[in-house]
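Colleague: Before we start, here is the structure in question, set down as structure tokens.
The values are calculated or read from the model by the stated rules, or taken from the named source; none is laboratory data. For clarity, every value in this text was computed on a predicted model and none was experimentally measured. Quick reminder, even Gly has a Cβ in these numbers, built from the backbone with ideal geometry, and neighbours come from all protein chains shown.
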Amino acid sequence: MTTPLPPAASRPALRPTLRRRLDQAGIALAGLCAVHCLVTLVVVSALGLGGHLLMEENIHRVGLVLALAVAGLAIGWGMLRHRRTLPFAVALAGLCFMGFALLVPHGANEFLLTLAGVALVAVGHVINLRAAH
């Protein structure tokens, strides 16, 4: 004889675990982006090395696409669950900063826009994690 499954409400859900991991991945990606920006600034300005690799425009485009995908999944999913819009608004502002950074020439403005953007996206993920609890 088989034991019946408990009601769905009492079973552990996989979705919050996956959403939580997506938020954590978003925070990690934001950190990697910030490290990339800082390393690029130091290495290129101090040593004059690696500018062609570290300042490659496609790195920034791929980073923005990854940030959009992860934030869209994690924060959108979280918003459906907890019904709070603050994580979405903060992350969206950060994604806009990151997008604007692609429109300006390499330099201080791009650096500041990108760092502000990734910081806001990371904060959006942190708020999303906290809102789910």
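Colleague: Looking at (1) assigned to a helix (DSSP H, G or I); (2) surrounded by 15 or more Cβ atoms within 10 Å (Cβ to Cβ), find the lone condition where A69 falls short.
Modeller: (2)
Colleague: For N128, which of the numbered conditions (1) modelled with pLDDT under 90; (2) in contact with a helix residue (DSSP H, G or I) (Cβ under 8 Å, 6 or more places away or on another chain) fails to hold?
Modeller: (1)
Colleague: Of all residues in the range 82-95, which are under 12 Å from the mean Cα position of the chain (by Cα), surrounded by fewer than 19 Cβ atoms within 10 Å (Cβ to Cβ) and of a type outside the set (G, A, S)?
Modeller: Within the range 82-95, F88, L92 meet the criteria.
Colleague: Could I ask something else about it? I'm checking my understanding of the structure. Among residues of the range 99-133 that are over 19 Å from R21 (Cα atoms) and either touching a residue at least 60 places away in the same chain (Cβ under 8 Å) or β-branched (V, I, T) (or both), which one is surrounded by the most Cβ atoms within 10 Å (Cβ to Cβ)?
Modeller: Looking at the filtered set, the residue picked out is T114.
Colleague: Another one. Can you name the residue in the range 5-38 that is assigned to a helix (DSSP H, G or I) and at pLDDT below 75 and, of all such residues, is surrounded by the most Cβ atoms within 10 Å (Cβ to Cβ)?
Modeller: This residue is P16.
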